[in-house]
Amino acid sequence: TDALGAYVISMASNASDVLAVELLQRETRVMSAGDGGPLRDLTTGTLRVVPLFETLADLAGCENTMTTLLTNDWYRKHLKDNHGDHQEIMLGYSDSGKDAGRLAAAWELYKAQEKLVVVCRDAGVRLTLFHGRGGSLARGGGPMYMAIKSQPPGSIQGQLRITEQGEMVQAKFGIAPAVATRQMEIYTTATLLGTVQPPKPARHTEWRSLMDSLATNSCRAYRKVVYETPSFLTYFHQATPEGELGNLNIGSRPSHRKPGNRTVSSIRAIPWIFAWTQVRFALPAWLGVGSALKQAIDDGHLGTMKEMYAKWPFFQSTIDLVEMVLAKADLRIAKCYDDRLIKSPELKLIGAALREEFATTVRSVLAITGHHKLSENNKTLRRLIETRNPVLDMVNIMQADILGNLRADPENEKFRDALLITINGIAAGMRNTG
């Protein structure tokens, strides 16, 4: 059990999801003991069972789920006897973002952590939050120091568990020992500061109310495009290399959960985000944000949001991370893919509307930060973008042309090989991509 670690329950939504696994563990050990097997001692060595709350609804309901679990007499005794009154809970960033958009997901994740801290504290249980982050902002990624300092007070109690995935493992820990050591220093420093000097909560109830409104409006705008626009999925398939990614052996799992179900809900979060990043649009990280911010500005809340940005670490880091993604994106390149790959006038209108929404998001973010241009406060990032873009632009233009040729000649192995090279090149240039 020490070697296997935790048993993580994906898409957990009820206390019974955890109890079912505990029952299976118990029955297995009883059978093994009866057969004279290696699990004769029924009191030690059970796997930690970790619920993973992923969707917006599951995050909203996690307080009730964990309250039910921790007030169950059998489970409470089991937790004390076998795990030292320690409960680990995993939070999913990928599917919550795909479900509701980044802004709504970020706020629901923040509130979920606040609730879980209180539930476990009241039950006398030590809590470890396991953050299932990916490399991209839409999957909870971004600079780790910025991410940790934006957590709610009490959520970092001297320890933190996170995932590092895909190309970020190589980038952070596979280049050189000095780079890996530096990454561990960043994690350690941020965790210590998050424990000793917890991030400040919202100063006023008005800020939380406004954040609720922003999340609701952002989710509505996001879902109106992604889930309620009939031709959106067709546009996504044609304007990005999503279909081709599924045919290349570069992922750990199929791009769709159910091969016959070609819907947005069926698409796994990684190819969903990776495909948009390849065309330099990064849509999952900002769609809905601009509409919500513009509505708040039109309603007279710009001054409040400026104050929130200056004095609330969660809101500041959320806006800064969106601004970082906007700076890395490029409307010229995204339009290049539309011009080369999309023939339908109806689908071209979807692309044009999305680019206008992107521009609205840029204007709204700049209004709140007070910056004259994106990432004005991050000179290192701007320099990296300006250095990489001339090379990256050429790779993107080549990829758009290769995609067009490959779709006209799907069996051409040379086009497939060339596409894979461009995918790797763009992923390396964009850095936090998957």
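All of the numbers you see were taken from the coordinates with simple rules; none came from a lab. The model shown is predicted, which means the values in this text are computed figures rather than measured ones. Glycine also receives a Cβ, built like all others from the backbone with ideal geometry; neighbour counts cover every protein chain displayed.
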Rounded to the nearest 10, the angle in degrees between the Cα long axis of helix 413-430 and the longest principal axis of the Cα atoms of the chain comes to 70 degrees
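Rounded to the nearest 0.05, what FRET efficiency do SER16 and GLN159 give with R0 = 30 Å and r taken as the Cβ-Cβ distance? Could you check?
Step by step, r from the Cβ atoms, then E = 0.60.
Explain nothing, just the number: dipole magnitude of the chain about its Cα centre with +1 on each Lys and Arg Cβ and -1 on each Asp and Glu Cβ, in debye rounded to the nearest 20.
Working: 51 positive and 45 negative charges, 150 e Å.
Value, rounded to 20: 720 debye.
Express in nm, to one decimal, how much length is gained between ALA60 and GLU356 on full extension, taking 0.36 nm for each residue of separation and deducting their alpha carbon distance.
On the way: separation 296, 0.36 × 296 = 106.56 nm, distance 3.17 nm.
Taking 0.36 nm per residue and subtracting the Cα distance, the gain is 103.4 nm.
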Please give the calculated 222 nm ellipticity per residue for the chain, where each DSSP H segment of at least 4 residues contributes -39500 (n - 2.57) and the sum is spread over every residue; nearest 500 deg cm²/dmol? -20500 deg cm²/dmol
Pseudo-spin-label distance THR304 to ARG262, built 7 Å along Cα→Cβ, given in nm, is 4.5 nm
Expressed in nanometres to one decimal, the distance between label points 7 Å along Cα→Cβ at ASP81 and ASN377 is 5.3 nm
Taking the Cα centre of region 86-126 as origin, sum charge times position over the Cβ atoms of Lys and Arg (+1) and Asp and Glu (-1), and report the length of that vector in debye to the nearest 20. 100 debye
Pick from GLN113, GLN316, GLN197: which is most flexible by mean-square fluctuation in a GNM of the chain where alpha carbon atoms under 10 Å apart are linked? GLN197
Each label sits 7 Å from Cα toward the beta-carbon; between LYS200 and VAL118 the label points are separated, in nm, by 2.2 nm
For ILE333, net neighbour charge (Lys/Arg +1, Asp/Glu -1) across residues whose Cβ lies under 13 Å away: +2
Cut-off 15 Å between beta-carbons: net charge of the residues surrounding ASP58, Lys and Arg +1, Asp and Glu -1: -3
Between region 169-203 and region 378-431, what's the alpha-carbon centroid distance in Å? 30 Å
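Take the alpha carbon atoms of the chain, find their radius of gyration, then divide it by 2.2 N^0.38 Å using N residues; give the quotient.
Details: Rg = 22.9 Å, N = 434, 2.2 N^0.38 = 22.1 Å.
Dividing the Cα Rg of the chain by 2.2 N^0.38 Å gives 1.04.
Looking at the chain, send over the antiparallel percent of its DSSP beta bridges, to the nearest 5.
5 percent
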